[in-house]
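The values are calculated or read from the model by the stated rules, or taken from the named source; none is laboratory data. Everything numeric in this text was worked out from a predicted model, so none of it was measured. We place every Cβ from the backbone using ideal geometry, glycine too, and count neighbours over all the protein chains shown. In case anyone asks, the SASA skips ligands and DNA or RNA and just uses the protein heavy atoms, side chains included. Shrake-Rupley method; radii C 1.70, N 1.55, O 1.52, S 1.80 Å.
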Amino acid sequence: AEPTQGNPVVVSLDNKAIVVKDGVGAVAVTIKIHKSFHANANPPGAEGVIPVTVKLSGIKGVLLDVTYPKGERKKFAFADKPISVYEGTVEIKVTLKKDKDAKIAITGAPSIVVGYQVCTDKACLLPAEAVLPITISGLE
């Protein structure tokens, strides 16, 4: 699916069935942002700005290591300093690791949760979340 003016963000995973081998698994999160919008990078480089975040939900005992790409610094009329933003298509690399000090426990529907706020040059939409269901095997 492609982003539209009315639905400016499309979030997807390269793989919904994550296989953990030797305690480590990987997935890539792709965020497509409509050309009229940008999302705040992580880190955004400014206070009071909501960055893109990637979290794990519905499972305990698994740690996430998220590699956020470098954003592009842009100046906007509403901010004193340039803000680091993502535009177009962004890929975020995510590594899942078994937490050696914790028991694996399913606490709901395992999901990758991507938080973001997109803005035009003049205004921001409300913060939103994309919840992407996953399965994780190989944790036993």
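Results, tabulated for the structure shown:
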quantity	calculated
Residues of the stretch 103-120 satisfying the condition of being touching a Lys or Arg at 6+ places or on another chain (Cβ under 9 Å) and either free of Cβ contacts under 8 Å to residues at least 40 places away in the same chain or open to solvent by 60 Å² or more (accessible area, probe 1.4 Å) (or both)	Lys103, Ile104, Ile106, Thr107
Residue in the stretch 26-37 that is of a type in the set (S, T, N, Q) and touching an Asp or Glu at 6+ places or on another chain (Cβ under 8 Å) present	yes
The stretch 27-49, subset aliphatic (A, V, I, L, M) and under 15 Å from Val113 (Cα atoms), residue farthest from the chain's Cα centre (by Cα)	Val27
Per-region count, the stretch 74-89, residues surrounded by fewer than 18 Cβ atoms within 10 Å (Cβ to Cβ) and at pLDDT 95 or above	3
So Ala128, is it of a type outside the set (Val, Ile, Thr) and open to solvent by 50 Å² or more (accessible area, probe 1.4 Å)	no
Members of the stretch 18-35 found to be open to solvent by 50 Å² or more (accessible area, probe 1.4 Å) and at pLDDT 95 or above, listed by number	Ala26, Lys32, Lys35
Test: Val54 is aliphatic (A, V, I, L, M), in a strand (DSSP E or B) and more than 22 Å from Thr120 (Cβ to Cβ)	yes
Every residue from the stretch 36-69 that is open to solvent by 30 Å² or more (accessible area, probe 1.4 Å) and β-branched (Val, Ile, Thr)	Val49, Ile50, Thr53, Val66, Thr67
